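The values are calculated or read from the model by the stated rules, or taken from the named source; none is laboratory data. Remember, it's a predicted structure, so these values are computed and weren't measured experimentally. Cβ sites come from the backbone with ideal geometry, for glycine too, and all protein chains shown count toward neighbours.
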Amino acid sequence: MPGILFQELQRDGDPDTAGSGGFLTPSAGCSATEVVLKSRRAVGMNARVLNSNSGRGVMHLVPSRISGLVLNPISRRGRLSDITPEWNLEMLPRSIDARKTLLKQVWTVGQLAGILMLLAGCGGSLSSPSAPTFDFAVTDAVVEDFLAEAPGLDGASLIIVHREWGVLHHRAFGSFDQDRISLVASSSKVITAGILNRLADDGLLDLQQPLEDFLGWESTFSGVTTADLISNSSGLVGLLPNLTFEPYMCQWRATGTLLDCGKSIFTATEAAPEVIPRQTAFRYGGGQWQVAGAVAEAVSGKSWERLFEEIYEVPCGLTASGFSNPFDGDPLSNLLSYPAQFDGDPGNLPQTRNPSMEAGLYTTSGDYGKLLLMQLRGGRCGENFVMSANAVEQMQANQIDLAWGGKTESLWAGYGYGWWVDTERDGWLTDPGAFGAVPWLDLPRGYGAMIIVEANIGLGSALGDAVLPSIEAAIDNPS
């Protein structure tokens, strides 16, 4: 009979985030089902058979050393890491011709999260070594101590992923569980930027083409491109100094449509006195991100919800993520502190055709981890194409420096497409949010992480500062 793929358990029900892979040749008379079930019995809680509709994840959020304010969130001493990789077929011997069929066969049998290299009463041979062991016990203890001392924090989520080994650690603390759905504010930006880059991959959009050339929209100054919008270089008014800049207020409202809101922001003549020429200053956030979403809908002919589903949700197996507009027209009340009325339930958010592009994502640590892993693995979720490796590279590059020699004038001097870029440390990227979510990539180490608290960037950053040393020590010293 054909061989059976195996992996160490990394995430329940998702082969794309499992750990080290190998190839098992069962002895005669030992079926695929028997291999799966006997491995499960031998391993106990390390491998689980799930119901096919479970979708639960076992991932880990990893904090990093972050300090600063919402719009200036990362200290130069801060560090963020990147997420573990998904299933990589290159990890398997090239002599395996039917990899896809075999992978599907194993995961169909009970929706296994992973099968360890233990066979009880069923002989077999292994063709690749097991993954190293990473000990995050110190990290977990730091999080628990932090929650015990931090005012008003009920829980936290942590996921750590690695390019070669998949999900290394996934835990929820306090009142959170691993399926907790949270609003992540500005950690939405890199997700939004990814959709624009995918549309460029598909030939529907040239990121460097001025909007007036393909949409006919005219702004105060000509030449603004989609690349300018998603690198905060458009010259449009940013979040500061006025969150409630009247010509752009539609970005905070669930009413209307994304297409209409984005077009009205870009063409607003009453905003002209505050708009400056493109690529002359870094202006973080604001209406330019709503314009970017409108561009996506215009060139694709699809709603943002549909684009998110097709580009991320289906290929990556996301289970509880989407975009809304939770600000109720009042960013001063609902952006600077966590919207308590959300309570982990997307049903408490307004139904909208005008989701917030820069701050409207709700997600779980497990789902966000899949997207970080995709960024580490050249734009793929398992075998599924999300975006090209070149698009990922462009997103992670310091675009403002490449395009116009720009700097953010904040503690992180560089910015890509949705990613803050540490110019003093190679391959260090982050996209923290005002509500306390902090994702990061450490490309040289090959790992990524996401930590989520439901509070503010100050507490999220402080927790990241606290756990980062222990995370790096675990990554650097596997057993």
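What to note about this one:
- Region 309-334, residues that are within 13 Å of residue 253 (Cβ to Cβ) and either in a loop (DSSP other than H, G, I, E, B) or touching a Cys at 6+ places or on another chain (Cβ under 7 Å) (or both): 324, 325, 326, 327, 328, 329, 330
- Residue satisfying all of: in region 189-223; surrounded by 21 or more Cβ atoms within 10 Å (Cβ to Cβ) and polar (S, T, N, Q); nearest to residue 312 (Cα to Cα) among these: 192
- Test: residue in region 253-265 that is part of a loop (DSSP other than H, G, I, E, B), of a type in the set (D, E, K, R) and in contact (Cβ under 8 Å) with a residue 60 or more places away in the chain: yes
- Candidates in region 367-407 are the residues that are among the charged types (D, E, K, R) and more than 14 Å from residue 311 (Cα to Cα); of these, the one that is surrounded by the most Cβ atoms within 10 Å (Cβ to Cβ) is 377.
- Any hit, region 388-400, residues being within 15 Å of the chain's Cα centre (by Cα) and among the hydroxyl-bearing types (Ser, Thr, Tyr): no
- Selection count, region 268-319, where residues are crowded, with 20+ Cβ neighbours inside 10 Å, more than 24 Å from residue 386 (Cβ to Cβ) and of a type in the set (Ser, Thr, Tyr): 1
- Residue match in region 147-156 (condition: in contact (Cβ under 8 Å) with a residue 12 or more places away in the chain and either under 23 Å from residue 373 (Cα atoms) or basic (Lys, Arg) (or both)): yes
- Residue match in region 422-429 (condition: closer than 26 Å to residue 316 by Cα, in contact (Cβ under 8 Å) with a residue 24 or more places away in the chain and within 13 Å of the chain's Cα centre (by Cα)): yes
- Scanning region 154-163 for residues that are in a loop (DSSP other than H, G, I, E, B) and either closer than 16 Å to residue 178 by Cβ or at pLDDT below 95 (or both) gives a single hit, 154.
- Residue among 160, 181 that alone is closer than 29 Å to residue 289 by Cβ, within 15 Å of the chain's Cα centre (by Cα) and surrounded by fewer than 23 Cβ atoms within 10 Å (Cβ to Cβ): 181
- Within region 446-471, considering residues that are polar (S, T, N, Q) and assigned to a helix (DSSP H, G or I), the one nearest to residue 145 (Cα to Cα): 470
- Conditions (1) part of a helix (DSSP H, G or I); (2) out of contact with any helix residue (DSSP H, G or I) (no Cβ under 8 Å at 6 or more places or on another chain); number of the one not met by residue 295: (2)
- Residues of region 400-411 include at least one that is in contact (Cβ under 8 Å) with a residue 24 or more places away in the chain, among the small types (Gly, Ala, Ser) and touching an Asp or Glu at 6+ places or on another chain (Cβ under 9 Å).
- Matching residues, region 376-404, being in a loop (DSSP other than H, G, I, E, B), of a type in the set (Gly, Ala, Ser) and more than 15 Å from residue 441 (Cβ to Cβ): 382, 388
- Filter pass, residue 198 being charged (D, E, K, R) and in contact with a Leu (Cβ under 7 Å, 6 or more places away or on another chain): no
- Scanning region 357-375 for residues that are assigned to a loop (DSSP other than H, G, I, E, B) and either farther than 24 Å from residue 293 by Cβ or touching a strand residue (DSSP E or B) at 6+ places or on another chain (Cβ under 7 Å) (or both) turns up just one, 360.
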